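The values are calculated or read from the model by the stated rules, or taken from the named source; none is laboratory data. Predicted model only: the values in this text are computed from it and were never measured. No Cβ is skipped: glycine too gets one built from the backbone with ideal geometry, and neighbour counts run over all protein chains shown.
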Amino acid sequence: MWEWQKIQKVSWKIEQVHKLRRNALSEQAQEISQELLEILACPACKGDLEYNRNNQKLICVGECKRRYPIRDGIPVMLIDEAELPGDNE
């Protein structure tokens, strides 16, 4: 086997390992811990938040009912980024 073929084969294997690790990390990042939920509050009305796993959002159960997105496992707790209750999902 030529040297460049060996290098390509090893490179391909390394790429596959990196893909598997990225997938595993992104799956782990999708979960928001209960401890974090207990600490966080809605920045608009200071209400409690509920985790919507399917839509990857934190939903305010207080007055304003805003929905805050979760991007790459990180809650985006900016009022300007939140969806208002009348917005379509």
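At-a-glance table
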{"read-out": "Residues within the stretch 51-89 that are more than 15 Å from L40 (Cα to Cα), touching a strand residue (DSSP E or B) at 6+ places or on another chain (Cβ under 6 Å) and modelled with pLDDT under 95, tallied", "value": "1"}
{"read-out": "Considering residues of the stretch 35-49 that are at pLDDT 95 or above and either among the small types (G, A, S) or within 15 Å of the chain's Cα centre (by Cα) (or both) only, the residue surrounded by the fewest Cβ atoms within 10 Å (Cβ to Cβ)", "value": "A41"}
